[in-house]
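> Got a structure here, written out as structure tokens. Questions coming.
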Amino acid sequence: MERRLAAILAADVVGFTRLMGQDEVGTLNALKAHRKEFIEPKITEHNGRIVKLMGDGMLVEFGSVIDAVACAAAVQTGMVDRNTESSDKPQIMFRIGVNLGDVIIEGDDLYGDGINIASRLEGLAEPGGVCISGKVYEEVKGKLPLNFQDLGNREIKNVADPIRVYQIVQDQSGTAVSSEQEEELAIPDKPSVAVLPFDNMSGDGEQEYLADGISEDLITALSKIRWFFVIARNSTFTYKGQAVDITQVGKELGVRYVLEGSVRKAGSRVRVTAQLIEAATGNHVWAERYDREMEDIFDLQDEMTKTIVGAIEPELSAAERNRVLNKPPENMDAWESYQRGVWHMWKYTPEELNKGHALLKRATDLDPDFALAYAYTSYIHYQRVVLGCSEDNKQDLDEGLIAAQKALACDDQDPVAYFAIGRIYMMQGKHDESIAALNTAVKLNPSFAQAYHGLGMVFTLADKLDDAKASCLQSERLSPRDPIHWASTVVHALACILAGDRDEAIHWARVTLQNPRSTGYWPHAVLGAALAQADQIDEARAEVALALKEKPDLTLSYLAEVLPTKKPGGLDPYLDGLKKAGLPD
């Protein structure tokens, strides 16, 4: 039995059955033309061999993994142009997967896990997108002018171990983004820093919360400095568990400095190492190692914060440095419960929110003056309503308001407390109070990306649509790699629907759905409404069907309840579109 190592490209037409149902002859003719005029020449250009055609799909072998990925990117980019040029014909889009693996040769055909994984990767790709395996990424990184996004480990059917998956980054049109041509984020005029998640060196996964907690506390402390620009936690934590190139991180996040470190806990003692690096040059600005008892963790964090601030901006006054020092809870167990609770909260699933809520309650039981624990308890109540997993929306909002008020009573200078109460006010239809609270949050913490996102949403519901778009853009700049980046783009799309800008609404809704992390009913509902308002009823109905698949009990009355507008009928363009698309009352 002959074997060899090969790069395998698997491709498949998106929605082929639907296209055939709409126009069988036109779809087949368009597919044949694309293959003959464009795809097959591209494969030949990149030294590939078509192993087999499978109706709407194909399997291609390459001797070089670089050729395989370059061909995949060229095909997807070229198909954008070809579909634009033939807009009156069926729009053919492909999903593509590329793998490097051992294959079995039988005549002209190939078999084996290398083929199976390529096919599964194709299924994970977005329409018009390309997914590659970790093996492929290791071979091509730095050798092709392309950007890649890490999608993490994925379970692959009939493969024992999870596969690391990456996707080629595309722009809003679906064109592969060149790393040579991509516009880099401008470095802010003020001192800018990204705090990467500290590594847990304890050898115990249970201690992960400690490393994450120290990283988050440093981000919070640095963010409160008025003339610092600090990247949000949700973006920096996308690098967690990865071996990173500091220079590349600086470019991707648009910052001058990067802070990284590690935490090791043994018994009651903890060792923290940290280093501050100038991203453009890789030069170390400052590095230190701290050995402390766990009870001294708050003093350690304050000491690190002051030292980092002093290293980046020596002229800062002592008063400014002291202003951002932590107000620690009285009980160390309360801090640990808080960190574990927030760790669960960030996962944004109903089960994890419940676990986080229980741990945060334990933190406030142990320390009744723990403002941050109350604030994030409030945020969990808000999330339950937004995610549609609340058993009683009114009760969750009422309890969220009480928790936020407790947070403010404990510390009226805590930006998270104002953020939390601002989100609750919005859901209760108190738009002016919400805007005031969220504005206070960003005044206290100018780098608070989530607060800007909150402003984008409440401005949308308060009919301040230009302000909504500006706030969404500011949130995205402060957190350019945010896993919930899609939440800002879907709010942008909703603002465009309410403004009557249907084309822009469709654009931003499609951008949202191109994000592999977008989830839930909301993106499909917004796109469905925008398409219906543009009289694209069949496509609108398809999107509403997908929204109902995500949330079978979704209704117009539910949306009117969870999205209260300031002016009567302010949500009507959205609801009217959904009604045209078949969403029940």
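Only the coordinates and a few stated rules stand behind these numbers; no lab work does. Only a predicted model underlies this, so the values are computations on that prediction, with no experimental measurement involved. Positions of Cβ are backbone-derived with ideal geometry, glycine not excepted, and every protein chain shown enters the neighbour counts.
> Long-range amide H contacts for residue 280: which residues qualify at under 5 Å (H placed 1.01 Å from N, peptide plane, sequence gap of 5 or more or a different chain)?
none
> Using θ = phi - 60° and the Karplus curve 6.51 cos²θ - 1.76 cosθ + 1.60, what whole-Hz ³J(HN,Hα) does each residue of the range 343-358 get, with Gly and Pro shown as x?
Here the 3J(HN,Hα) series is 4, 6, 4, 5, 7, 6, 10, x, 5, 5, 4, 5, 5, x, 4, 5 Hz.
> Please sort by residue number the GluC sites (Glu not before Pro) in the range 351-393 whose DSSP state is loop and whose Cβ has at most 14 other Cβ atoms within 10 Å.
Sites meeting the loop and neighbour criteria: 391.
> Given H placed on each backbone N at 1.01 Å, which residues far from residue 112 in sequence or on other chains put an amide H within less than 5 Å of it?
104
> Separate question: I need the per residue convex hull volume for the range 2-168, using only the alpha carbons, in cubic angstrom as a whole number.
Measuring per residue, one finds 115 Å³ for the Cα hull of the range 2-168.
> Can you put 61, 24 in order of Cβ neighbours within 10 angstrom, beginning with the fewest?
24, 61
> Dividing the convex hull volume of the Cα atoms of the range 328-445 by its residue count, what figure in Å³ per residue is obtained?
Expressed per residue, the convex hull around the Cα atoms of the range 328-445 is 88 Å³.
> Charges at C-beta only: +1 for Lys and Arg, -1 for Asp and Glu. How large is the resulting dipole of the range 2-168 about its Cα centre, in Debye rounded to 20?
Roughly 160 debye for the range 2-168.
> Which loop chymotrypsin sites (Phe, Trp or Tyr not before Pro) in the range 199-287, with loop taken from DSSP, have no more than 14 other Cβ atoms within 10 angstrom of their Cβ?
Loop-located and lightly packed - 227.
> Just need the relative contact order of the range 356-437 here, percent rounded to a whole number, with Cα pairs under 8 Å and 6+ apart.
That works out to 29 percent.
> Roughly what angle does helix 415-427 make with the longest principal axis of the chain, taking Cα atoms, 0 to 90 degrees, to the nearest 10?
60
> Spelling out what I want: for every residue of the range 396-405, take phi, set θ = phi - 60°, compute 6.51 cos²θ - 1.76 cosθ + 1.60 (Karplus), and round to whole Hz; glycine and proline get x.
4, 5, 5, 5, x, 5, 4, 5, 5, 5
> If I take all pairs of Cα atoms in the range 1-83, what percentage of them are more than 14 Å from each other?
So the pairs more than 14 Å apart make up 65 percent of the total in the range 1-83.
> By counting other Cβ atoms within 10 Å of each Cβ, how are 34, 284 ranked from fewest to most?
In increasing order of surrounding Cβ atoms, one gets 284, 34.
> Return the loop-located GluC sites (Glu not before Pro) in the range 180-289 (DSSP other than H, G, I, E, B) with at most 13 other Cβ atoms within 10 Å of their own Cβ; answer none if there are none.
Hits after loop and neighbour filter: 180, 183, 184.
> Can you tell me the dipole magnitude for the range 480-585 around its Cα centre, using point charges on the Cβ only (Lys, Arg +1; Asp, Glu -1), in Debye to the nearest 20?
The calculated dipole for the range 480-585 is roughly 240 debye.
> Which cross-chain or sequence-distant (5 or more) residues have an amide H under 5 Å from the amide H of residue 164, H modelled 1.01 Å from N in plane?
134, 154
> Now, a different point. To the nearest 20 debye, what is the magnitude of the charge dipole of the chain about its Cα centre, counting +1 on the Cβ of each Lys and Arg and -1 on the Cβ of each Asp and Glu?
With Lys and Arg at +1 and Asp and Glu at -1, about 240 debye.
> Moving on. Can you tell which of 387, 400, 334 lies farthest toward the positive end of the dipole of the range 328-445, using +1 and -1 charges on the Cβ of basic and acidic side chains (Lys, Arg; Asp, Glu)?
Value computed over the given set: 387.
> Could you work out the relative contact order of the range 2-168, using alpha carbon pairs under 8 angstrom and six or more residues apart, expressed as a whole percent?
26
> Same structure, new question: I need 247, 364, 565 ordered by Cβ neighbour count within 10 Å, fewest first.
Lowest to highest Cβ neighbour count: 247, 565, 364.
> Oh, and also: Jot down the per residue volume, in cubic angstrom and as a whole number, of the convex hull over the alpha-carbon atoms of the chain.
Dividing the Cα hull volume of the chain by its residues yields 161 Å³.
> Compute the Cα gyration tensor for the range 480-585, then decide on rounded, prolate or oblate, letting a ≥ b ≥ c be the square roots of its eigenvalues: rounded whenever a/c is under 1.5, prolate when a/b is larger than b/c in the other cases, and oblate in all that remain.
rounded
> With contacts defined as alpha carbon pairs under 8 Å and 6 or more residues apart, what's the relative contact order of the chain in percent?
It comes to 8 percent, rounded to a whole number.
> Set Lys and Arg Cβ to +1 and Asp and Glu Cβ to -1, take the dipole of the chain about its Cα centre, and tell me which of 140, 250, 545 lies farthest positive.
My answer, from the dipole projection, is 545.
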